[in-house]
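Data block below; observations after.
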Amino acid sequence: IEFIDRSWPNVAFVVLWSIVTVLLVLRAICCYRNKSCFISGSTQQVEFAQRVMNRLDLLQNESTHVYHNIFVDGSIIDHLIISTRGIFTITMKIYNHNHGHKLVFRRGVLFFNGRLYDSLLRQMDCHSQCFREHIEMAMGKNYGIRKTAIVLGCYVENLDADLGISDPEPEYRIFNENAFFSFFQKEEEILPLEEVQNIVSKFEAWQLTHAL
């Protein structure tokens, strides 16, 4: 009588299934870690974004004009301020505050949780450049666009400021929500009201033309 061992295919299947399961679990963990940095598509994200928008709208007056979600050359500028205190393109980031994230900015280099993080700076560059090209063409004059980011749900540390060695006019400014509004209110007026109104008029005409 010949006995045939049929157990090895079952063993191989169990081993293969175990490997696949482990890989799927590892992939799920990686995806969770990547996505959990941000509060993607959540009700809380919408609430946070609306809160910042409402606070920005409170700055609106004759000398300060606020705009939201400006579509320029395939890029969306989250917020824009044209005022006697300067022109600000504002990039907004919302992180999951439950994870204790930390941004550290020093000498033009940004770190997120200890790792080099230049994607935010590149996004700020893009927003500033898109607006600068159009407004300078319309006005025939160069303007120093203030590259700004408002970050929610993440601790922001500016080592240059803490050490007293920050540039009086840094290329990038990164704030948490309250710090930005405090900073803006303390800024000196650098543009005449008439010039601000002229910029606003040309910008709104350009917006209307491209919306049609």
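The values are calculated or read from the model by the stated rules, or taken from the named source; none is laboratory data. Note that the structure is a prediction, hence the values are computed from the model and not measured. Every residue, glycine among them, receives a Cβ derived from its backbone with ideal geometry; neighbour counts consider all protein chains shown. These accessible areas exclude ligands, DNA and RNA; they are computed on the full protein's heavy atoms, side chains included. Shrake-Rupley method; radii C 1.70, N 1.55, O 1.52, S 1.80 Å.
Annotations for the structure displayed:
- Qualifying residue in the range 184-203 (condition: at pLDDT 90 or above, closer than 20 Å to HIS79 by Cβ and within 19 Å of the chain's Cα centre (by Cα)): yes
Rundown of residues vs (1) hydroxyl-bearing (Ser, Thr, Tyr); (2) closer than 20 Å to VAL46 by Cα, yes/no style:
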| position | (1), (2) |
| --- | --- |
| ASN98 | no, yes |
| LYS102 | no, no |
| ILE135 | no, no |
| THR148 | yes, no |
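- Residue check for ASN142: open to solvent by 70 Å² or more (accessible area, probe 1.4 Å), modelled with pLDDT under 90, among the polar types (S, T, N, Q) and part of a loop (DSSP other than H, G, I, E, B): yes
- Residue list for the range 50-89, filter: β-branched (Val, Ile, Thr), assigned to a strand (DSSP E or B) and either under 16 Å from the mean Cα position of the chain (by Cα) or at pLDDT below 95 (or both): ILE70, VAL72, ILE76, ILE77, ILE81, THR89
- With respect to being aliphatic (A, V, I, L, M), surrounded by fewer than 17 Cβ atoms within 10 Å (Cβ to Cβ) and modelled with pLDDT under 90, LEU110 falls outside the description.
- Matching residues, the range 155-172, being open to solvent by less than 40 Å² (accessible area, probe 1.4 Å) and at pLDDT 85 or above: VAL156, TYR172
- Cross-chain or 6+ apart pairs with Cβ under 8 Å, the range 185-204 first and touching a residue at least 24 places away in the same chain (Cβ under 8 Å), then of a type in the set (D, E, K, R): GLU187/ARG85; GLU188/ARG85; GLU189/ARG85; ILE190/ARG85; LEU191/ARG85; LEU193/GLU62
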